[in-house]
Structures are given as structure tokens and as C-alpha cells.
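Take a look at the structure set out below.
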Amino acid sequence: MNLIFAHFLLAVGLFFILNWIGSHSIHAGYIRMSVLAKADEAPAFNFMYRAFSPVAYITVVSAISYKLQQDWLVKDIYLVVVYYFVFRLVFNLATGRARLLNWVTQCAYVLVSIPVSYYVYDTLITHKEFLFPTAKELGSAVWLAIVAYAYHTFNSVKLSDERTKARKANYLNDRYSTYKNLYGELIEGIAETKRQEALIYAVLIIEAFNRPKLYRLIENMLFYFGFAKTLGIMQVTTERYIDDKESVRLGATKIVKDHLQAKLKVESRRYPGGSWTIRREVLELYNPDGEYIREVDGLYDEIVNQFYPDEKTDWEAEIEKLNSPDETKEEPNKSSQQDASEAGASA
């Protein structure tokens with residue numbers, strides 16, 4: 001029983017370690033789960049990382065366990081990988097992310113990672129001497145160079161993202177329909193324009209994705225002990241307990257209020273910018289994180305395209321309008337020039 005519990009803890013640790021490393025490997029092509037459709041620019045990296053990192057993990061843990069003379073922890077350690085994938089699946093289902101998963105690749109990760117883990121355990125880990133190779137055995141590093149070359153070549157292949165787009169579109173349609181049924185009347189009563197309404201839904205969907213129901217239940221408990229300051233589906237900062245509906249009301253009200261302030265602020269500038277600038281100001285007041293702003297803004301565009309087609313921005317027309325001279329300022333100049341010419345003629 002102790003061994004099973006220890007292996008389960010190692011599996012949970014593996015889950016959080018891989019997520020943390022992945023979030024800091026965006027530059028290498030790591031693609032995070034998102035409500036937005038993103039092309040997989042590094043398919044080899046993402047597959048290798050998700051399928052073989054668990055194998056490397058149990059190998060390192062085994063070596064450390066041997067060094068610390070905790071050999072009991074190494075027995076059947078390949079089961080850590082099994083527990084990891086089970087925990088990963090349960091986590092995604094519990095947080096409502098099942099629609100975003102590519103089940104073909106998920107199955108591929110399992111079918112590759114678990115057999116390889118068992119093979120490494122049976123042929124390498126159970127024999128201590130193989131974990132600490134001699135200098136002669138390190139000559140096999142030549143093969144690693146060959147594998148690295150093949151990896152780099154395969155990583156240059158760009159895969160079609162049509163299925164990803166379809167999966168994300170289905171998820172967005174489901175979330176929008178769900179939240180419209182739950183909070184549509186409330187949001188419509190607060191929003192002053194359809195664009196504001198679309199922006200509220202974008203923030204709502206992103207916040208709900210980042211803080212699924214399971215997380216919010218934990219936050220509700222932590223709130224009573226003073227460890228949580230944001231509550232509800234729209235993660236509103238509050239000093240009192242609020243439910244999801246109240247958080248939508250407060251969040252939507254904040255967005256509308258901030259929109260007016262942002263509009264006045266942007267229009268007072270010498271080079272005001274368009275509706276995107278106003279929207280960015282609003283989102284920055286809600287959450288200043290740059291990645292968050294890009295995610296919400298990208299989702300806003302998809303919501304407008306899919307559910308508010310009449311509100312699409314004609315960017316060329318808007319840029320032309322912003323760059324056109326101010327006619328109200330030109331009129332006095334024209335009239336003054338005309339007066340000057342008439343005065344000259346009479347003289």
C-alpha cells in the first residue's frame with residue numbers, strides 16, 4: 001500500500017513538473033492546451049516531450065532512489081507512468097477540457113510511453129549497473145547524435161491544423177451556448193453594445209477555462225481562511241463571498257465601465273488608435289498579463305466572427321479613418337484662407 005501511494009505521489013509530481021517545464025518551453029515549440037486554435041509548429045518536440053518525458057522521469061527517480069538506498073521505491077516503478085496518464089485523463093475530464101483533447105494523439109502518447117517505460121524498467125532500471133555506465137559504454141552516444149538529427153528533421157515537418165480548428169470551434173460553440181443559456185439575459189442587460197457583449201463572453205470563457213469548477217470549489221473553501229481574493233467564474237476580486245452569477249454581473253459591469261474610461265483615454269491621445277487599442281486597455285485593467293490579453297483578444301475575434309458577424313471590424317476603413325485629417329480642424333483654416341483672399345481682392 002505504501003508503495004502504491006508513493007508511486008501515485010510521484011505520478012502527480014510528474015504531472016505538475018511536465019506542465020511547469022512545458023510552460024517555460026514555449027520558445028522551443030511547446031504548445032499548451034488553449035481554447036484558441038494554434039498550429040503545432042514543432043510536432044516532434046511535442047510528441048517526444050509528452051511520450052518520453054515520463055520514461056526519463058522514472059529513470060532519474062530510480063537512479064536517485066538507488067543512490068539514497070531506497071531500492072523499495074524502484075519496484076514496479078513503471079506503474080508511475082500508468083498512474084500519470086490516468087491522473088492526467090481524470091484531471092482533464094474533471095476540468096471540462098475533454099472537448100479540447102485530440103484523442104488520437106492522447107492514445108498515441110499512452111501506447112508509446114507505457115510500453116517503453118516497462119521495457120526500460122525491465123532491461124535497464126532493474127539492473128543497477130546499467131544506470132551508471134562505464135566510459136566505454138558511453139561510446140553509444142554516437143547513436144544519440146543520429147537520433148538528434150532525425151528528431152530535428154522530423155520537427156521541421158508542419159502538420160495540418162484543420163482538425164485542431166474544428167475541435168476548438170466545437171468547444172467554443174459549446175461554451176458560448178452554455179454560458180448564453182446561463183447568463184445571456186444578465187449580460188445583455190449590462191452590455192451597451194454587441195461588441196462589449198462579445199468581449200464579456202471572451203473574458204468569461206477564458207476565465208472559466210483557467211479556473212474550472214473544481215478549482216473554484218477549492219477557492220471557495222480557501223476564501224473563508226483568507227487565502228483567496230478572487231471568486232466566481234469571472235474571477236472577480238471581492239471581500240465578500242459571491243457565486244458564479246454574481247461574479248458575472250460584477251465582471252460584466254467592470255468591463256463596461258472600463259470600456260468607457262478606456263475609450264476616453266484612447267481618444268484623448270494625439271494618435272488614438274482603433275477599437276483594438278480600446279479593447280486592449282480594457283483587458284489590461286482586468287488582467288495585465290500579456291499572454292492573457294492575447295488569448296482573450298484572439299477569442300474575442302473568433303466569437304465576433306462566429307456569433308456576431310455584423311460586428312466585424314473593417315480594419316482598412318478604420319485605419320483610413322484614423323489617418324484621415326480632422327475635417328473640423330480644416331474648416332476654420334479654409335474659411336480663414338478664403339477671408340484673406342477676399343480682403344486682398346478688395347484692397
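One table, with the values for the structure above:
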| read-out | value |
| --- | --- |
| Of LYS229/LYS265; LYS194/LYS312; LYS229/LYS254; LYS67/LYS128, those spanning more than 21 Å from alpha-carbon to alpha-carbon | LYS229/LYS265 |
| R0 of 25 Å, Cβ-Cβ distance ASN173-TYR241: FRET efficiency to nearest 0.05 | 0.20 |
| Cβ-Cβ FRET estimate between HIS127 and TYR215, R0 fixed at 35 Å, reported to 0.05 | 0.25 |
| Among 251-261, 198-208, the order from most to least packed when residues are scored by Cβ within 10 Å on average | 198-208, 251-261 |
| Environment charge of PRO54, counting only residues whose C-beta is closer than 15 Å and scoring Lys/Arg +1, Asp/Glu -1 | +1 |
| Unit charges at the beta carbon, dipole of the range 162-323: most positive-side option, PRO288, VAL266, ILE242 | ILE242 |
| Virtual spin-label span in nm between TYR119 and TRP276, 7 Å along Cα→Cβ | 4.8 |
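Coordinate-derived values only; no laboratory data. As the structure is a computational prediction, the values presented were derived from the model and not from experiment. Positions of Cβ are backbone-derived with ideal geometry, glycine not excepted, and every protein chain shown enters the neighbour counts.
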